[in-house]
Amino acid sequence: MGDQTVSYLQNALQEKGYRLTSARQVIVQELAASGGHVTADDLAVLVHEKAPGVGRMTVYRTLELLSELGLIRPVYQGTGAAHYILMDGGHHHHLVCSVCHRVIEFDDCVLGEIEQLICSRYRFQVQSHLLELYGRCPDCQ
Ligand SMILES: [Zn+2]
Ligand SMILES: [Zn+2]
Ligand SMILES: [Zn+2]
């Protein structure tokens, strides 16, 4: 996580024709530095420490924009506020324990060709995917 994620997000924004304002730069940097799994409020606090001029609403709007572009995604775990996760390279994968609610990240993409197959069948243009497998972690078995 870090620099690579920052350039991934920044390039993606510019490719879609969005200006890289200084506010957006700070937000993207803090989002990448946090490694994702951050709430909008937590991110607003982090951004505020680096750039006091960037308000909470700007953070919210930027998160919405990044979500619309499929670069990040809000996930709802438990009862709290949504966490935003990074969709680096177009995907993100979780093993979620239904007992202790622990979330294990895994990198291996098991979708691959299946994604293409499903999308062409439904003529769906995919931006990214979040794959969550639910069950019991080793401690809860
Ligand atoms: Zn567990
Ligand atoms: Zn995750
Ligand atoms: Zn994947």
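The values are calculated or read from the model by the stated rules, or taken from the named source; none is laboratory data. Just so you know, these numbers come straight off a predicted model, no measurement behind them. Because the Cβ atoms are built from the backbone with ideal geometry, glycine has one as well, and the counts that use them run over all protein chains shown. These area figures cover heavy atoms from the full protein model, side chains too; ligands, DNA and RNA do not enter into them. Shrake-Rupley method; radii C 1.70, N 1.55, O 1.52, S 1.80 Å.
Working from label points 7 Å from Cα in the Cα-to-Cβ sense, the Ile118 to Ala81 distance is 3.0 nm. Taking Glu105, Glu49 and ordering them by how much accessible surface each has at a 1.4 Å probe, largest first, produces Glu49, Glu105. For the range 42-91, the convex hull spanned by the alpha carbon atoms encloses 83 Å³ per residue. Carbon-plus-sulfur accessible fraction, the chain (probe radius 1.4 Å, protein heavy atoms only): 49%.
Evaluating 6.51 cos²θ - 1.76 cosθ + 1.60 at θ = phi - 60° for every residue in the range 82-93, the Karplus couplings come out as 4, 9, 9, 10, 8, 9, 3, x, x, 7, 7, 10 Hz, glycine and proline recorded as x.
Each Lys and Arg adds +1 at its Cβ and each Asp and Glu adds -1 at its Cβ; summed about the Cα centre, the range 3-86 shows a dipole of about 200 debye. Calculated accessible area for the range 3-86 comes out at 54 Å² per residue, all protein chains present (probe 1.4 Å; ligands, DNA, RNA ignored).
Between 0 and 90 degrees, the angle of helix 3-15 with respect to the longest Cα principal axis of the chain falls at about 80 degrees. Heavy atoms of the protein chains alone define the surface here; on that basis the range 89-140 has 76 Å² accessible area per residue at 1.4 Å probe size. Charges were assigned to the Cβ only: +1 to each Lys and Arg, -1 to each Asp and Glu. The resulting dipole of the range 87-141 about its Cα centre is roughly 280 debye. With the simple model of a label 7 Å out from the Cα in the direction of the Cβ, His48 to His101 spans 2.4 nm.
The coefficient of translational diffusion for the range 3-86, derived via Stokes-Einstein from the alpha carbon Kirkwood radius under 10 °C and 1.306 mPa s, stands at 126 µm²/s. Protein-only accessible surface at a 1.4 angstrom probe places the residues Ile118, Ile72 in the order Ile118, Ile72, largest first.
When Glu64, Glu113 are compared by accessible surface with a 1.4 Å probe, the order from highest to lowest is Glu113, Glu64. Value of Rg to Rh for the chain, rounded to two decimals, is 1.00; Kirkwood radius and Rg both from alpha-carbon coordinates. Applying 0.36 nm per residue to the separation of Tyr18 and Thr39 and subtracting their alpha-carbon distance, the gain on full extension is 5.3 nm. The charge dipole of the chain, taken about its Cα centre with unit charges on the Cβ of Lys, Arg, Asp and Glu (plus for the first two, minus for the last two), comes to roughly 460 debye. Around the amide H of His93, modelled in the peptide plane, lie the amide H atoms of Phe106, Leu131, all under 5 Å away and 5 or more residues distant in sequence or on another chain.
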